[in-house]
Each structure stands twice: as C-alpha cells, then as structure tokens.
1. Keeping to the range 13-51, report how many residues are more than 24 Å from Ile85 (Cβ to Cβ) and in a helix (DSSP H, G or I).
2. Just name the residue that is most open to solvent (accessible area, probe 1.4 Å) out of those in the range 25-77 that are β-branched (Val, Ile, Thr) and free of Cβ contacts under 8 Å to residues at least 40 places away in the same chain.
3. Which residue out of Thr250, Thr208 is modelled with pLDDT of 95 or more and assigned to a strand (DSSP E or B)?
4. Taking the condition of being open to solvent by less than 40 Å² (accessible area, probe 1.4 Å) and over 15 Å from Leu53 (Cβ atoms), how many residues in the range 6-24 meet it?
5. Any idea which of Gly10, Gly54, Gly60 is part of a loop (DSSP other than H, G, I, E, B) and either out of contact with any strand residue (DSSP E or B) (no Cβ under 7 Å at 6 or more places or on another chain) or aromatic (Phe, Trp, Tyr) (or both)?
6. Tally the residues that are crowded, with 21+ Cβ neighbours inside 10 Å, over 12 Å from Ala188 (Cα atoms) and touching a Phe, Trp or Tyr at 6+ places or on another chain (Cβ under 6 Å), restricting the search to the range 116-151.
7. I'd like to know if the range 84-97 contains one or more residues that are out of contact with any helix residue (DSSP H, G or I) (no Cβ under 9 Å at 6 or more places or on another chain), exposed (fewer than 15 other Cβ atoms within 10 Å of the Cβ) and farther than 24 Å from Arg176 by Cα.
8. How many residues does the range 101-113 contain that are crowded, with 21+ Cβ neighbours inside 10 Å and touching a Lys or Arg at 6+ places or on another chain (Cβ under 8 Å)?
Amino acid sequence: VEGADEVLEGDILNGEALYDVLAKCDGVINLAGLLGTSELLENIRNAVNANILGALNIYGACRAQNKPIVQISPGNASWLSIYPITKMCAEKLALALGADAGLKVAVVRAMNVYGPYQKHAPVRKYIPNLIRWAFRGEAAEIYGDGEQIMDPIWVGDTAEVLRRALEYAIDGGQPRVFEAGSGMVLTANDMADLVWNAVYLNGQMPKTHIAMRPGEPNHSITVADPKSLRPLGIVPGYDFMLISEGLARTVAWYRAHPDVLGLDGIVVS
C-alpha cells in the first residue's frame, strides 16, 4: 500500500486480532467488504460474514476503545442486490450503535468511484472496462438500454470525503450519512462516450446492450445529495475534480499500466 507507515494482514472476522490492531490507531475507515453484483448470488453467506459480521467486529473493537470510525456504504442503496443489501445493513447498524451505544461514527455512501488501480475483473467495474474496450477499439457492453443514472466521483475526492468524515467523528459529531458524489447526472451511455473521448479525443463509443444484472433495476438512479457534504466544508461543484480531467488522468494511468486491464503486450492507441 503506497504511503502506508505499516501494513498488517488480517481477517475482520477475527475480533481479538482486530482489537489489538485498533489499539495502535487513532481512528478507523472501514473499507473492507466482499464486492459483487451477480457475482455474490452464489456467495451470500460469505458476503454476510464479511460485510455485516466483520463490520460488527470492527464496531465492537472501536466502542471498547472509544475509537472513531467511518463506515463505507454504497450509493445504490435501493438495489435488491447482495452487496448493497449487506452494506446497508452494516450502515444501519453503525448508525444505531452511534445513536444508542456511544459509537463515534460517520457513514460515507460512495457513488461511482473511478480512478487508477481499479481492476476490470473478476468483479466487473464499469469505468476500467470502458477504458479496456476503448483501448481495444471494441464496443462497450452496457446493461439494459444504458439510461441508468450514474454519479462519477474521482477517487482522490472520495478519499478526501472519508478523511473529513473521520475528523467529524473524532470531533464527536452526531452520527450521520455523507454522500460522496459530484451530484452530476450522467447515463451509462454518457459515461461510455466520455471515456471514448478521453482515449481518442472525439467520437462516440460503439455500444452493445445486454440484459440487466440480477438485482439491478432498469433505469436505476445513483446520485448523491451534495447538501449532505456541507458539514464537512465541501462543495462538490467547486471542490471536486471535473470529470474530463479525472478521466484524462485515469486513462493516462492505464496507458502506462495496461497489465492491470489484462492488456499485457497489447499496444493501446
């Protein structure tokens, strides 16, 4: 992990080990979880263990040591999909413990986070796949008609929201949810064209439309409420990176690291 003072490997299901690790920390940002949409349908028990019981272990260790915590949560809260179901359960448990059991907690719901280092597989992340298809000159595979609404946010801006949310919890702020998103309304089709432009500087991305994933509603809307960030002193329209600049930086990073997209030995345009 770049920039980390110390990296320890462990298991969030091991409550005793968690307690010992958290004793060394001033606060916690819990990003742990088992990802996936259709990928988790055959792995529900493990998702419940990691996303709910693991979070409960972290909350318990934080409560016992009076340590503040920020819990990550998804922007697509309404989907009947295993990942958001389990993460929203963890969110509500965190808020309940904050309200009634003294846990110093804030929740950050992250919208469509993008930037360097994301992998295209095995869990299928949209923007790295769009870049991979663009590099190969292939049509994007888009679920449904592509009119579902997204809210892209640069990874660095997401990190800043998480940092400020932790400071909020440290200062004893009331448990609340902060929505990390730009508030920008873009469709999946729009995002494909923006990525194509970031790679080729003009034109529209060729597209093929495939069946919606299980649990993902047609024409879903995943958009942050920018007003939720006011207590953190953040104004998304001014403080967040423009999508054009963020995609340019992301595409440049993948040009230099095509192996992350499984493009070893392929010359990208």
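The values are calculated or read from the model by the stated rules, or taken from the named source; none is laboratory data. No experiment lies behind these values; they were computed from the predicted model shown. Virtual Cβ from ideal backbone geometry, glycine too; neighbours counted across all protein chains shown. The accessibility values were calculated without ligands, DNA or RNA, using every heavy atom of the protein model including side chains. Shrake-Rupley method; radii C 1.70, N 1.55, O 1.52, S 1.80 Å.
1. The total comes to 6.
2. Going residue by residue through the range 25-77, those that are β-branched (Val, Ile, Thr) are 28-29, 37, 44, 48, 52, 58, 69-70, 72.
Narrowing further to those that are free of Cβ contacts under 8 Å to residues at least 40 places away in the same chain: 44, 48.
Values: Ile44: 76, Val48: 51 Å².
Within the range 25-77, the match that is most open to solvent (accessible area, probe 1.4 Å) is Ile44.
3. Details: Thr250 fails: assigned to a strand (DSSP E or B).
Only one candidate qualifies: Thr208.
4. 1
5. Numbers: Gly54 fails: part of a loop (DSSP other than H, G, I, E, B); Gly60 fails: part of a loop (DSSP other than H, G, I, E, B).
Unique residue meeting the criteria: Gly10.
6. 2
7. Within the range 84-97 (the criterion being out of contact with any helix residue (DSSP H, G or I) (no Cβ under 9 Å at 6 or more places or on another chain), exposed (fewer than 15 other Cβ atoms within 10 Å of the Cβ) and farther than 24 Å from Arg176 by Cα), the answer is no, since none of the residues qualifies.
8. Result for the range 101-113: 4.
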